[in-house]
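The values are calculated or read from the model by the stated rules, or taken from the named source; none is laboratory data. Treat the numbers as computed from the prediction; the structure is a model and nothing was measured. Cβ placement follows ideal geometry from the backbone for every residue including glycine, while neighbour counts extend to all protein chains displayed.
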């Protein structure tokens, strides 16, 4: 379990949406503008232009990832920002990065997460050179469609009820934001190729599932949309890194229990929760397939499993698409 709220205290917006729109994205946008402006000579800030921007797919489901490609001339990636949003979703400017092509050229790319509760319909994709301006941006559109998200009811023991208190979830949310906002690996992606599933196991809860949390008496005490995927696995099974990165956090949180967060660059993070044992430390570089921890049932959990998240600029997206969509491997 990751995103949660008490029925009487929280709106229907998921915590994933709050993470991206309310806190993390503005931080990232501010850092993007400030760092880009500081690194560019005055002449470069005024020259160059964005020619076009388009998502690699014109249709995206709620809770999935948008990959956009930008064409520009006379300007570097650091001086370009991307926005993805609708009339109901105020976006921040997101960073653009450069990757090499097989033919020796380069591509300008940007990633954006679509929240699990994103409004359906046409969303605008735009890109702009510094100083960021919607009027100066090249533009395109994507259609956000229903995520086909499952429904689930979960009963927790009485001794775990305190973990559903609003203060507990808020503290953990802010802790995670702080870890991810640090951006320890920088704007360039560290991964090469598709992510790998950290453990082999049956999916017990899919990403974005709409959950009712019940006390032992069968009463609904909280609701959420699940911010990751839960994979059942035996106690003690190694949890492997999905891709190359740097450990941004390894320690204990209240709801997620023993957790490892890996920063993969380009503001993409993976979260591995409920572990029985941690095998890495913050600041440690890890390679794809390297053991990070062991499967457990710590925190708000009903049995041994891995809760696995992928977050793009703080927005929780479906981890399994990162194992299946070849284009997200950036090769």
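Assess whether residue 94 counts as being in contact with a helix residue (DSSP H, G or I) (Cβ under 7 Å, 6 or more places away or on another chain), at pLDDT 85 or above and surrounded by fewer than 20 Cβ atoms within 10 Å (Cβ to Cβ).
Working: in contact with a helix residue (DSSP H, G or I) (Cβ under 7 Å, 6 or more places away or on another chain): yes; at pLDDT 85 or above: yes; surrounded by fewer than 20 Cβ atoms within 10 Å (Cβ to Cβ): no.
So residue 94 fails the test.
For residues that are free of Cβ contacts under 8 Å to residues at least 60 places away in the same chain and either touching a strand residue (DSSP E or B) at 6+ places or on another chain (Cβ under 6 Å) or closer than 27 Å to residue 309 by Cβ (or both), tally how many sit in segment 102-120.
Matching residues across segment 102-120 total 6.
So, in segment 67-91, of the ones that are touching a residue at least 40 places away in the same chain (Cβ under 8 Å) and farther than 19 Å from residue 188 by Cα, which residue ends up surrounded by the most Cβ atoms within 10 Å (Cβ to Cβ)?
In this case the residue turns out to be 84.
Of everything in segment 210-235 that's under 16 Å from the mean Cα position of the chain (by Cα) and assigned to a loop (DSSP other than H, G, I, E, B), which residue is modelled with the highest pLDDT?
Among them, the one singled out is 228.
Checking residue 207 against (1) under 24 Å from residue 255 (Cβ atoms); (2) assigned to a loop (DSSP other than H, G, I, E, B); (3) without any contact (Cβ under 8 Å) to a residue 40 or more places away in the chain; (4) under 22 Å from the mean Cα position of the chain (by Cα), which test does it fail?
For residue 207, the exception is condition (3).
Conditions tested, residue by residue: (1) touching a helix residue (DSSP H, G or I) at 6+ places or on another chain (Cβ under 8 Å); (2) surrounded by fewer than 16 Cβ atoms within 10 Å (Cβ to Cβ); (3) outside the structural domain of residue 258 (by TED's automatic domain parsing); (4) not in a helix (DSSP H, G or I).
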position	(1), (2), (3), (4)
160	no, no, no, no
169	yes, no, no, no
185	no, no, no, yes
193	yes, yes, no, yes
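Could you check how many residues of segment 237-279 are in a loop (DSSP other than H, G, I, E, B) and surrounded by fewer than 19 Cβ atoms within 10 Å (Cβ to Cβ)? Explain how you work it out, then say what you get.
Step one: of segment 237-279, the residues in a loop (DSSP other than H, G, I, E, B) are 237, 241-244, 254-256, 264-267, 276, 279.
Adding the requirement that they be surrounded by fewer than 19 Cβ atoms within 10 Å (Cβ to Cβ) leaves 254, 276, 279.
Total satisfying the criteria: 3.
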